[in-house]
Number of protein chains: 4
Amino acid sequence: MMQLIGATLSLVEPGVVEIKLPYRRDLTQQHGYLHAGVVTTIADTACGYAAYTLMPARSEVLSVEFKVNLLRPAKGDSLLARAEVIKAGKTLTVVRADVFALIENNRTLVATMQGTMICLAQ
Amino acid sequence: MMQLIGATLSLVEPGVVEIKLPYRRDLTQQHGYLHAGVVTTIADTACGYAAYTLMPARSEVLSVEFKVNLLRPAKGDSLLARAEVIKAGKTLTVVRADVFALIENNRTLVATMQGTMICLAQ
Amino acid sequence: MMQLIGATLSLVEPGVVEIKLPYRRDLTQQHGYLHAGVVTTIADTACGYAAYTLMPARSEVLSVEFKVNLLRPAKGDSLLARAEVIKAGKTLTVVRADVFALIENNRTLVATMQGTMICLAQ
Amino acid sequence: MMQLIGATLSLVEPGVVEIKLPYRRDLTQQHGYLHAGVVTTIADTACGYAAYTLMPARSEVLSVEFKVNLLRPAKGDSLLARAEVIKAGKTLTVVRADVFALIENNRTLVATMQGTMICLAQ
């Protein structure tokens, strides 16, 4: 799905992951803004990988739930989702992600996610 | 965005909207399940349109927030998101959507969304 | 806490629990409506017990997360929270609760919760 | 409700509000931890007042929805909820609250809320 929409990992650190997505017209909704589903896709993926950076080798990560507040229209040259782990647990990890719209050198917060990821041992 | 992922409106009634999405490999995540972002995209769109069916002509609808619980892996021949308005208001409308995976004639509930839509007068 | 606010279990079945709360002036917020925190307290407790009815003996239940939409002012002679399990899992159980305000024989939906409970083995 | 549970405003600044709640045994759930409903009550109230600090005179504030992740058992000498406005709008304001358990001089994050408040003009 990341390939389909053209999203790429731009930062991976323990407990922190960023994903970048250039604007494309086929990712928009009826007003020309990037679709809430696209915003959620990169936020959820960033949250999942941020949680995963703190999980043991050979485990797997799945999203349990997330909540997204859409704060402003998602328009710009690109989107950046930045996820940070709030609380890492053995089974459940709670993560927050902010999604910014980038226009030239300006960042605007367009959405924020709070979600739960689960660690599946293999 | 609906075109990009191949989703189509399959039912529109006052306060109820369904969206269908055939399985495609380029919509999956790392385990081969349909990505949570795709599940959310069709659920959010169904919620938005379900709210919109009850809004006055010439208004517009935007998503304020939503919360998704991912209940089971989203695998199947197709997904069906069914949204129903819980409470329509002048400004805010609360909507719920269930997302089912369809395999032959079986429906399995894979996710459920509870969200808020806003009516913008033009 | 249930004692402090005067809430009582009024129905317990496998996967379904109801909690009733008579109106009291010391449970209100600034407009005289029952406080969102009170609405949440009985909804969360109903969700926890509904999940618990499907868990093995000697396990314990804790709330992982919940989301509440407040639909209408919570005013009436009493509140009724009705929780139903949507998906029971070995570790996580997803539950929904509707909270109704009762005035004489009328029920009005005032809030709805979607949440996740965890089963802790003892 | 704030009186009933013994909560007090401890900080009010533009866009930021803190509420403090001393531990009391009648505010607990079955394991002796402070009830998720109590945690939510002070977080929601802090969010509402934080939003209210940025609203015009003679307006009123109501909670639209909130989502709470319960991160750790809420035990300690007292709880502190700190709410900060993320995005203030004319109609809707999005607020986040962290709830900490205080034991002597240590703060532990026990819950986090993300919610939406609405401004009602009078």
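Among the residues of B:67-77, the average count of other protein chain beta-carbon atoms within 10 Å of the residue beta-carbon is 6. Counting only protein heavy atoms and using a 1.4 Å probe, the accessible area of C:HIS35 comes to about 10 Å². What are the lysines whose alpha-carbon lies under 19 Å from the alpha-carbon of A:LYS87, with same-chain residues fewer than 8 places away excluded? Straight-distance partners of A:LYS87: A:LYS67, C:LYS67, D:LYS67, D:LYS75. Among the trypsin sites (Lys or Arg not before Pro) found in segment C:54-108, those both in a DSSP coil and sparsely packed, with 10 or fewer other Cβ atoms within 10 Å of their Cβ, are C:ARG58, C:LYS90. Computed as a quarter of the hull surface, the mean projected area of the alpha carbon convex hull for chain D stands at 7.2 nm². Take every pair of alpha-carbon atoms less than 8 Å apart whose residues are at least six positions apart; their mean separation over the length of chain A yields a relative contact order of 28 percent. The interface between chain A and chain B buries about 2400 Å² of solvent-accessible area in total (1.4 Å probe, ligands and nucleic acids excluded). Sorted shortest first, the separations between the C:GLU60 label point and its copies elsewhere in the assembly read 3.1, 4.2, 5.2 nm; each point sits 7 Å from Cα along the Cα-to-Cβ line.
Over all Cα atoms in segment A:63-110, the spread is summed up by Rg and Dmax: 13.2, 41 Å. Using a 7 Å projection from Cα along Cα-to-Cβ, the label point at D:ARG25 is separated from the same position in the remaining copies by 3.0, 6.5, 7.0 nm, smallest value first.
For segment D:75-104 versus segment C:20-43, the spacing of their alpha-carbon centroids is 20 Å. Based on the reciprocal of the average 1/r between different C-alpha atoms, the Kirkwood radius for the protein assembly as shown equals 22.5 Å. In the context of the full set of protein chains, the protein assembly as shown has a per residue accessible area of 42 Å² (1.4 Å probe). Normalised by the number of residues in segment C:75-122, the mean separation of alpha-carbon contacts (under 8 Å, six or more apart) gives a relative contact order of 35 percent. At 1.4 Å probe size, with the rest of the protein present, what percent of the exposed accessible area of segment D:1-111 is carbon and sulfur atoms? After summing per-atom areas, the C and S share lands at 49 percent. Each other copy places its own label point for C:ASP77 at 4.7, 5.3, 6.5 nm from this one, sorted shortest first, where the point lies 7 Å along the Cα-to-beta carbon line. Per-residue packing, averaged as other Cβ atoms within 10 Å, sorts the ranges B:111-121, D:20-30 into the order B:111-121, D:20-30, beginning with the highest. With everything on Cα atoms, drop me the angle between helix C:36-52 and the longest principal axis of chain C, reported from 0 to 90° to the nearest 10. In chain C, helix C:36-52 runs at an angle near 30 degrees to the longest axis.
The values are calculated or read from the model by the stated rules, or taken from the named source; none is laboratory data. None of the values given here were measured: they were computed from a predicted structure. As a convention, Cβ positions derive from the backbone with ideal geometry for all residues, glycine included, and neighbour counts pool all protein chains shown. With ligands, DNA and RNA removed, areas are computed over all heavy atoms of the protein, side chains included. Shrake-Rupley method; radii C 1.70, N 1.55, O 1.52, S 1.80 Å.
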